[in-house]
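> Sharing a structure with you now.
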Amino acid sequence: MEYDLIILGGGPAGAAAAVYAGRKKLKTLLITDSFGGQSIVSDDIHNWIGDKNISGFDLAKKLEEHVKTQKEDVEIQTGLAEKIEKKDKTFTVTTKKGDSYKAKAIFLAIGSRRRKLEILGEKEFEGKGVFYCSTCDAPLMKGMDAAVVGGGNSALEGVVDLMSYAKKIYLIHRRDEFRGDPVTQEAVEKSEKVEKILNSSVVEIKGDKMVTSIVYENLETKEKKELKLNGVFVEIGAIPNSDIVKNLVETNERGEVVVDHKTQRTSVLGIWAAGDVTDVMYKQNNISAGDGVKAILNINDYLCKECE
Ligand SMILES: Cc1cc2nc3c(=O)[nH]c(=O)nc-3n(C[C@H](O)[C@H](O)[C@H](O)COP(=O)(O)OP(=O)(O)OC[C@H]3O[C@@H](n4cnc5c(N)ncnc54)[C@H](O)[C@@H]3O)c2cc1C
């Protein structure tokens, strides 16, 4: 059987797209390993429109329930897509499990994942003092010493999250200035708990059962120092999950799928993308959902033209 559309991803972009695809009566297959996307780990989301606050877990549940209202037209397969091939006007998606599905159009909503430091001890102590979500894990640092690694907004916000819990916060950045919004930067500057360590990068994370210290290197003097602490929050950005389409559609130097922001079309006719996997300037739940909707409306127009 050939679907009209295969949607990859069950985050806000994929879920919003699936609801709209169902309402447009497109014969759709949604492939995802989970619903909710990246903010599922968040305790409290305050900017999902229509809910003044909601946990990531509840948001995921609501997205899944909403998609399932379209079960007449939208089938769900749990898993991850591994390969997409195009032959004439037909796409074949093969999953990690080895199943293959055909469709006339593809919508990529496969999001992104947190960037890692790739240093000694990082993997070993992941979840045992090495964290990637300050919003989620800052409370674990109550009365303890922690470091935040990074220099953008997410690092600065990480420091703010920690201020209510940690005794001391080291903010370690490899450059000599930060790239965050002025309000957050000011809050960080004002706090007596924060010690900035600039022009430095963390080279090793040490511990026994949990993290006990980190080693950082001053990039100018090459001097290495060890800091005793209990937690490291890695806030150095995200990597788009675009590996499976890198040889198929145009991506930019950051690996983001390049789209036409009017229609969400990629460089390949028949493939659309939205959300954090794309070169959209702002990465947010509402934006992903909205751009997912935009893509489906354009896909619907495209498929209708095809059947004329
Ligand atoms: C800790 C944290 C807190 C955040 N808090 C907020 C907030 O408060 N407000 C806000 O607006 N934004 C927040 N964000 C950002 C927001 O989560 C993202 O902008 C949003 O999730 C992007 O949605 P998306 O659908 O594009 O992708 P994602 O949410 O990344 O979803 C991608 C989906 O695709 C699936 N997938 C990946 N690869 C494949 C594949 N090969 N095949 C099939 N499926 C695949 C994934 O499992 C996932 O379901 C937060 C992000 C993080 C990390």
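> Against the definition (within 13 Å of the ligand (Cβ to nearest atom) and either modelled with pLDDT of 95 or more or surrounded by 14 or more Cβ atoms within 10 Å (Cβ to Cβ) (or both)), how does ASN252 come out, yes or no?
Against the criterion (within 13 Å of the ligand (Cβ to nearest atom) and either modelled with pLDDT of 95 or more or surrounded by 14 or more Cβ atoms within 10 Å (Cβ to Cβ) (or both)), ASN252 does not qualify.
> Kindly indicate which of ILE110, ILE7, ILE54, ILE40 is surrounded by 14 or more Cβ atoms within 10 Å (Cβ to Cβ), of a type in the set (Val, Ile, Thr), in contact with a helix residue (DSSP H, G or I) (Cβ under 6 Å, 6 or more places away or on another chain) and at pLDDT below 95.
Within the list ILE110, ILE7, ILE54, ILE40, the selection yields ILE40.
> So CYS304 ticks every box in (1) within 13 Å of the ligand (Cβ to nearest atom); (2) assigned to a helix (DSSP H, G or I); (3) at pLDDT below 95 but one. Which box is left unticked?
(1)
> Quick one: TYR282 ticks every box in (1) closer than 20 Å to THR32 by Cβ; (2) of a type in the set (Phe, Trp, Tyr); (3) not in a strand (DSSP E or B) bar one, so which box is it?
For TYR282, the failing item is (1).
> Being more than 6 Å from the ligand (Cβ to nearest atom), outside any strand (DSSP E or B) and farther than 14 Å from ALA13 by Cα is the filter here; which residues of segment 41-54 pass it?
ASP43, ASP44, HIS46, ILE49, GLY50, ASP51, LYS52, ASN53
> Please find, within segment 80-107, the residue that is nearest to the ligand (Cβ to nearest atom) out of those that are part of a loop (DSSP other than H, G, I, E, B), at pLDDT 95 or above and out of contact with any Leu (no Cβ under 8 Å at 6 or more places or on another chain).
LEU80
> Another one. If VAL183 satisfies all but one of (1) within 16 Å of the ligand (Cβ to nearest atom); (2) free of Cβ contacts under 8 Å to residues at least 12 places away in the same chain; (3) over 30 Å from ILE299 (Cβ atoms), what's the number of the condition it fails?
The single condition VAL183 does not satisfy is (1).
> Has segment 12-32 got at least one residue that is without any contact (Cβ under 8 Å) to a residue 60 or more places away in the chain, within 10 Å of the ligand (Cβ to nearest atom) and of a type in the set (Gly, Ala, Ser)?
Taking every residue of segment 12-32 in turn, none turns out to be without any contact (Cβ under 8 Å) to a residue 60 or more places away in the chain, within 10 Å of the ligand (Cβ to nearest atom) and of a type in the set (Gly, Ala, Ser).
> Further, regarding this structure: So if I check each of ILE239, ILE299, ILE271, ILE287, which one is over 24 Å from ASP4 (Cβ atoms), β-branched (Val, Ile, Thr) and in contact with a helix residue (DSSP H, G or I) (Cβ under 9 Å, 6 or more places away or on another chain)?
ILE287
The values are calculated or read from the model by the stated rules, or taken from the named source; none is laboratory data. Since this is a predicted model, take the numbers as computed values, not measurements. Don't worry about glycine lacking a Cβ; one is built from the backbone with ideal geometry, like all the others, and counts go over all protein chains shown.
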